[in-house]
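**Q** To start, I am sharing the structure in question, which I have written as structure tokens.
The values are calculated or read from the model by the stated rules, or taken from the named source; none is laboratory data. Keep in mind that this is a model prediction, so the values were computed, not measured. So basically every Cβ, Gly included, is an ideal-geometry build from the backbone, and we count neighbours across all protein chains shown. With ligands, DNA and RNA removed, areas are computed over all heavy atoms of the protein, side chains included. Shrake-Rupley method; radii C 1.70, N 1.55, O 1.52, S 1.80 Å.
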Amino acid sequence: MHADIVAVGGGIIGLATALHLAKDGKKVIVLEKDFVGRHASGVNAGGVRSLKRDIKEVPLIQGALDYWYRMPELVGSDCGFFKIGYMIAAETDADMKELEERAAKTRSMGYTHETIIDRSRVRELAPPIAGHCVGGIMSDHDGNASPAETCRAFHATCLDHGVTVHMGCRVLDIDTTSRGFKVTTTTAGVIEAEQVLNCAGAWAADVGKMLGDPLPVVPVGPSVMVTAPMPRLFHRHLTATRRKLWLNQVKNGTMFMMGGYLAEVDPATGKTHLRFSELQKCAGTAHGLVDQLENIPIVRAWAGLDGNTPDDVPIICYSKKVPGLMHACGFSKHGFGLAPMVGKVVADTMQGKTPEIPMTDFDIDRATLE
Ligand SMILES: Cc1cc2nc3c(=O)[nH]c(=O)nc-3n(C[C@H](O)[C@H](O)[C@H](O)COP(=O)(O)OP(=O)(O)OC[C@H]3O[C@@H](n4cnc5c(N)ncnc54)[C@H](O)[C@@H]3O)c2cc1C
């Protein structure tokens with residue numbers, strides 16, 4: 001079997017890239033050891049957020065948002081995407097000053113997606129929020145999508161465009177050859193390819209290791225708790241400056257509560273084990289900001305595996321050691337929203353085109369990864 005490009009990983013990054021490549025006529029094979037969307041891409045909270053992103057990621061999320069609003073054109077489904085802005089409340093005057101400085105910085109760079117708001121606007125957008133909040137920062141254009149619907153739609157559209165997706169197919173080893181790569185798998189035999197895309201999420205470092213290219217990506221297990229449905233409490237997804245928290249109330253009224261509270265992970269089996277102590281911290285942090293959450297039943301909690309980098313910014317670049325090996329990994333708990341645009345820039349780069357957004361900030365040689 002032969003392909004122009006083999007993608008190792010059938011998460012949203014692999015599927016989005018495969019789709020853009022296939023649309024350009026490339027022969028792509030996606031290899032997924034479990035099933036499409038089994039890991040981070042299918043079990044995340046669906047947040048598509050530009051507010052308070054690392055500045056390096058702002059052009060990527062803005063490009064991604066354009067895709068999210070036009071998703072039916074790309075994959076024939078809206079992927080459950082709906083518009084809901086985000087808000088970060090300041091609990092002290094010092095925090096407010098920090099938010100103002102952040103907004104001034106983003107404005108000075110030409111970005112206009114973050115707006116400073118006063119105390120009364122904070123209360124309009126989130127009436128039950130703690131009374132001591134003095135103001136905040138918000139975005140309008142962000143949103144939320146359904147991870148399961150998104151993975152389903154990208155998978156189906158990939159197949160429509162001739163992408164081969166092998167599920168239950170683990171990549172065991174990858175060797176370089178004179179014409180590219182030889183990829184050895186559990187169920188699809190040996191596949192030859194000119195290029196390999198490492199989009200293996202929490203396992204990206206293992207894939208790098210197969211080719212002698214170490215990557216600073218470690219598996220982490222962010223967890224989420226979900227409440228029973230309730231009347232709309234907030235008109236923005238929200239948090240407060242010093243709280244490790246996001247409260248995302250979705251369309252059906254349930255609220256996702258999270259903030260990087262980590263479960264134990266077992267990458268060998270792909271399993272996660274929730275830590276009650278972490279869930280308790282998350283609930284306490286939420287309750288401290290919104291008193292009214294005290295009596296809301298929590299109906300579900302889960303965690304998923306994602307790959308984290310030391311600076312929480314993804315690695316999107318060609319390997320410096322192995323020609324033809326492209327990395328798109330280390331999405332550090334916030335890669336779902338970025339995926340449609342990441343797929344486009346990676347697909348362009350792998351075809352020798354200049355991507356619409358320069359990828360230099362995501363290079364593996366950046367100082368913040370050391
Ligand atoms: C609980 C949770 C909540 C989150 N909330 C948000 C959010 O609200 N907004 C947001 O933007 N992001 C969020 N994220 C992060 C986001 O889900 C991830 O950053 C993103 O989905 C990463 O996509 P991926 O395709 O790189 O990884 P994955 O979806 O993990 O895909 C990688 C795939 O590679 C496969 N693989 C690995 N090794 C091999 C191998 N050797 N052979 C074959 N296949 C292999 C794996 O089985 C896996 O399916 C959240 C993550 C979690 C876990």
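**Q** For region 46-120, run through the chymotrypsin sites (Phe, Trp or Tyr not before Pro) and keep only the ones in DSSP coil with at most 16 other Cβ atoms within 10 Å of their Cβ. Write out the running numbers ahead of the final one.
**A** On the way: sites: TYR67, TRP68, TYR69, PHE81, PHE82, TYR86, TYR111; in loops: PHE81, TYR111.
Within region 46-120, the qualifying chymotrypsin sites (Phe, Trp or Tyr not before Pro) (loop, at most 16 other Cβ atoms within 10 Å) are TYR111.
**Q** Working from the alpha-carbon coordinates of the chain, get Rg over Rh, Rh being the Kirkwood radius. Spell out each step's value before the answer.
**A** On the way: Rg = 20.6 Å, Rh = 21.0 Å.
In the chain, Rg relative to Rh is 0.98.
**Q** Hey, got a sec? Which trypsin sites (Lys or Arg not before Pro) in region 1-110 land in a DSSP loop and have at most 13 other Cβ atoms within 10 Å?
**A** Values: sites: LYS23, LYS26, LYS27, LYS33, ARG38, ARG49, LYS52, ARG53, LYS56, ARG70, LYS83, LYS97, ARG102, LYS105, ARG107; in loops: LYS26, LYS27, LYS33, ARG38, ARG49, LYS52, ARG53, ARG70.
Hits after loop and neighbour filter: ARG70.
**Q** Return the whole-Å distance between the Cα centroid of region 97-161 and the Cα centroid of region 337-370.
**A** Their Cα centres are 23 Å away from one another.
**Q** Evaluate Rg over Rh across region 80-160, taking Cα atoms for both radii and Kirkwood's formula for Rh.
**A** Numbers: Rg = 17.0 Å, Rh = 14.6 Å.
Using only Cα positions, Rg/Rh for region 80-160 is 1.16.
**Q** Using a cut-off of 28 Å between alpha-carbon atoms, which lysines can reach LYS52, once sequence neighbours fewer than 8 places away in the same chain are excluded?
**A** LYS83, LYS97, LYS105, LYS244, LYS251, LYS281, LYS333, LYS344
**Q** Ordered by residue, what ³J(HN,Hα) values in Hz, to whole numbers, does region 356-370 give under the Karplus form 6.51 cos²θ - 1.76 cosθ + 1.60, where θ = phi - 60° and Gly and Pro are x?
**A** 5, 10, x, 9, 4, 5, 9, 5, 5, 8, 5, 5, 5, 8, 7
**Q** Convert each backbone phi in region 27-42 into a coupling constant with the Karplus relation 6.51 cos²θ - 1.76 cosθ + 1.60 (shift: θ = phi - 60°), then list the ³J(HN,Hα) values in order as whole Hz, x for Gly and Pro.
**A** 8, 10, 10, 9, 10, 10, 6, 10, 9, 4, x, 5, 9, 3, 5, x
**Q** Got a sec? Charge dipole of region 64-175, +1 on Cβ for Lys and Arg, -1 for Asp and Glu; which of ALA90, THR115, ILE129 is way out at the positive end?
**A** ILE129
**Q** With a Cα-only, solvent-free Debye model of region 1-100, what are the log10 I(q)/I(0) values at q = 0.19 Å⁻¹?
**A** -1.10
**Q** Check which residues have an amide H placed less than 5 Å from SER146's amide H, if you skip close sequence neighbours.
**A** GLY80, PHE81
**Q** Taking only Cα atoms and a 10 Å spring cutoff, compute GNM fluctuations for the chain and point out the largest among ALA339, ALA153, ALA104.
**A** Judging by the Gaussian network model, the answer is ALA104.
**Q** Still on this structure, I have one more. Given a 1.4 Å probe, how much area per residue of region 1-130 is accessible, in Å²?
**A** Values: 4960 Å² over 130 residues.
Per residue, region 1-130 has an accessible area of 38 Å².
**Q** To continue, here is another question. For the chain, what does -39500 (n - 2.57) per DSSP helix run (n ≥ 4), summed and divided by total residues, give at 222 nm, in deg cm²/dmol to the nearest 500? If you can, show how the numbers build up before the last one.
**A** On the way: 10 runs with 103 residues, N = 370.
So the calculated ellipticity at 222 nm is -8500 deg cm²/dmol.
**Q** Provide, for q = 0.12, 0.13 Å⁻¹, the log10 of I(q)/I(0) from a solvent-free Debye sum over equal Cα point scatterers in region 220-370.
**A** Calculated log10 I(q)/I(0) at the listed q: -0.65, -0.73.
**Q** What are the extents of the Cα atoms of region 223-290 along their three principal axes, listed from largest to smallest and rounded to whole Å?
**A** Between the extreme Cα coordinates on each principal axis of region 223-290 lie 40, 27, 16 Å.
**Q** Residue-wise, which Karplus ³J(HN,Hα) couplings in Hz belong to region 116-121, taking 6.51 cos²θ - 1.76 cosθ + 1.60, θ = phi - 60°, and x for glycine or proline?
**A** Here the 3J(HN,Hα) series is 6, 10, 8, 3, 5, 5 Hz.
**Q** Which loop-located trypsin sites (Lys or Arg not before Pro) does region 250-322 contain, where loop means any DSSP state but H, G, I, E or B and the Cβ has at most 12 other Cβ atoms within 10 Å? If you can, show how the numbers build up before the last one.
**A** Numbers: sites: LYS251, LYS271, ARG275, LYS281, ARG300, LYS320, LYS321; in loops: LYS251, ARG275, LYS320, LYS321.
Counting only loop positions with at most 12 other Cβ atoms within 10 Å, the trypsin sites (Lys or Arg not before Pro) in region 250-322 are LYS251, LYS320, LYS321.
**Q** Whose amide H sits under 5 Å from the amide H of HIS327, counting only residues 5 or more places off or on another chain, with H placed in the peptide plane?
**A** Amide H neighbours of HIS327: ASN198, CYS317, TYR318, SER319.
**Q** Mean-square fluctuation check for the chain, GNM, Cα pairs under 10 Å: which of GLY143, GLY270, GLY324 is largest?
**A** The residue with the greatest mean-square fluctuation here is GLY270.
**Q** Once amide H atoms are placed 1.01 Å from N in the peptide plane, what residues at a sequence separation of 5 or more from LEU211, or on another chain, have their amide H within under 5 Å of its amide H?
**A** Placed amide hydrogens put nothing under 5 Å from LEU211.
**Q** So which residue, out of ASP54, ASP140, ASP78, gets the largest mean-square fluctuation from a GNM of the chain using Cα contacts under 10 Å as springs?
**A** In this elastic network of the chain, the residue with the biggest mean-square fluctuation among ASP54, ASP140, ASP78 is ASP54.
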